[in-house]
1. Working from Cα positions, state the angle (0 to 90°, nearest 10) between the long axis of helix 544-568 and the longest principal axis of the chain.
2. Accessible area of H369, 1.4 Å probe, to the nearest 10 Å²?
3. Using label points projected 7 Å from each Cα along Cα→Cβ, tell me how many nm separate K548 and A456, to one decimal.
4. Please compute the net charge surrounding G185, taking Lys and Arg as +1 and Asp and Glu as -1 over other residues with Cβ under 11 Å from its Cβ.
5. Order the following by accessible area, largest value first: D450, D507. Probe radius 1.4 Å; ligands, DNA and RNA are ignored.
6. Set the Förster distance to 30 Å, then compute FRET efficiency between E418 and S115 from the Cβ-Cβ distance, nearest 0.05.
7. Using the crude model of +1 on Lys and Arg Cβ and -1 on Asp and Glu Cβ, and no other charge, please compute the dipole size for the chain relative to its Cα centre, in debye to 20.
8. Applying the Karplus parametrisation 6.51 cos²θ - 1.76 cosθ + 1.60 with θ = phi - 60° to the phi angles of region 508-520, what ³J(HN,Hα) value in whole Hz is obtained for each residue in order, glycine and proline being reported as x?
Amino acid sequence: MLTENSDEKPCLVEAGRGFSLSYQKRFLYSKYAPDRAIKGAIESLTILPGSLILALSPALWLGLEELLQRLPEDCFVLGIETDEKLYEFAKEQLEELRTKSSNQNFSRIALLPYSENDFVVNILSGERVVAGLDLPHISTFRRALPLEMSAGTQFCKEKYFKIAGLAQNTIASFWKNRITLTKLGRLYSRNLFKNLANIPFSLDFNKLYHKIDRPIFVFGAGESLEETIESIPCDELKKSFLIAVDAASPALKAHGITPDAVLAQEGQLAIEKAYIGGTAKDSLLIADISSRKQVTKHAGKNITYFASKYTDSTFFKNLSKKDFFPKLIPPLGSVGLTATYIALLLRENINVPVFVTGLDFSFSLGRTHTKNAPAHIARLSSSNRLNPTENYASAFRSGAKRLIGKNGIEVFTDTALEGYAKSFTDVFYGTANLYDAGKQGIPLGIQEIDAKKVKAYLETVKDSSKAAVSLPQQKEDIKIREEVWDYLEAEEKALNRIKELLMYGKDVASCSCPLEEELQELISPREYLFLHFPDGYKCDTKDLSFLKRIRSQLDFFLKDIKNDLKAES
């Protein structure tokens, strides 16, 4: 016999075996065997260790006991409900099941609060803490596995799977970032410390905001750059404010074009080839604080810094709050994306057009970059009878693939490049007056414009004295210098103390604080010491192996800081 139903709230309904649930004039489970479908889904589910099970619309939580029995190590069940009334119902049901069950695995179950559905990314990444929601650290998981627990998902199917997709992407991004930091984390951090000494002598990037009231051109090092500068006369291009990624500056110089600004973001030695011949001497160098310091020696006097947020660690957050620290921008991965982002920051208002070219994120058969880019020059200098100038290997290496790009032109790309193109679309889609002037490559999701139309537009722009941006006077800032000095001295003192504790242990430990606690207090907020460890997402000072590895890093950073202090003295 059916219980009296109401469309206003979920209502239990007697079924052939157990209870079903009625809500919004529909049954969320079968009227005859309510748990059969969900038990079958759980039975067929492949659950690997390190899985975050997303229980979508759990309602009665049918099949939960079977799910818990199959739950491997390092797995967790997170219930998600997008309907407020169903959420309250599921919450009551879960509390009742906890009370009745003696299964210890119930500690590995939680229900995401209804008000937190839009913050799943922040919660998983640890940026947002929710009272009563005790989720394991994101490093516990390798994947997110959605499981429809009832037909309640049909009320808002798109939102459920959007949340599931965001959860999967967050976990994947964490491990992707971990791979990057394992390879380059120490390099980024050391570059950061080396560049700190230059900040008092650099231009304040904030003073350049919204200063450009003429068209802006952003040049990447792709093949379409060459086609663009051959289609538009130099005199017309020079009416724009020209920003070149560092790898593109030699190609511009070969055409007699000096960019107004060169953007430096690469941290490795290889990028110095882009500065041979003084390609950045007469330009403003806009450098990432974690980029290679040596490139500043190849630039002119005008240098300004920004900071890509390459880590969410405590040390970076604390440092970014300092008055002397450069402006933070999101970690966009590609120097081309960063150059475009900065161009949009520099333009006076949204009515100022920004044109991009050379951001192909692809290449043609036999070529990878525009002519006169460092990669092209290196190929020319090393070519011989057995090693031709054409670089066919790039098109046929593992991971490379063909696709049809802009204007129906076939191009080659790979996973990384294609990912950058997708990121470009995600970040800049719909941006007012942002145009792609490149003729080939992967579509960027912004308005495409022919070079002839760009030329016609530039012909209407007056060639005024604004061709040179008025830069703030560059001189040493004594106040900033003292702040940087104080920070570096404090870090040197802390690192020397860590070194002392690791070398002499309890013999030099403070009487008021146990050795282990003092080490934890000193090391945990200085993640630059261990960001690049394979397990660098945690500070485990109880692990002797971890402490030995910390000891091996101290001298590198102490050397960098001492050199900074020596340079400032």
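1. 30
2. That residue has around 70 Å² of solvent-accessible surface.
3. 7.1
4. Working: positive: R178, K183, R186, R190; negative: E527.
Neighbourhood net charge equals +3.
5. Details: D450 70, D507 140 Å².
Ranked from most to least accessible, the order is D507, D450.
6. Values: r = 37 Å, r/R0 = 1.22.
So, using R0 = 30 Å, E works out to roughly 0.25.
7. Working: 74 positive and 73 negative charges, 309 e Å.
The calculated dipole for the chain is roughly 1480 debye.
8. After applying 6.51 cos²θ - 1.76 cosθ + 1.60, I find 10, 5, 6, 5, 7, 9, x, 4, 4, 5, 5, 5, 4 Hz.
The values are calculated or read from the model by the stated rules, or taken from the named source; none is laboratory data. Every value quoted in this text rests on a predicted model; they were computed, and no experiment measured them. Cβ sites come from the backbone with ideal geometry, for glycine too, and all protein chains shown count toward neighbours. Just so you know, the surface numbers come from the protein's heavy atoms only, side chains and all, with ligands and any DNA or RNA stripped out. Shrake-Rupley method; radii C 1.70, N 1.55, O 1.52, S 1.80 Å.
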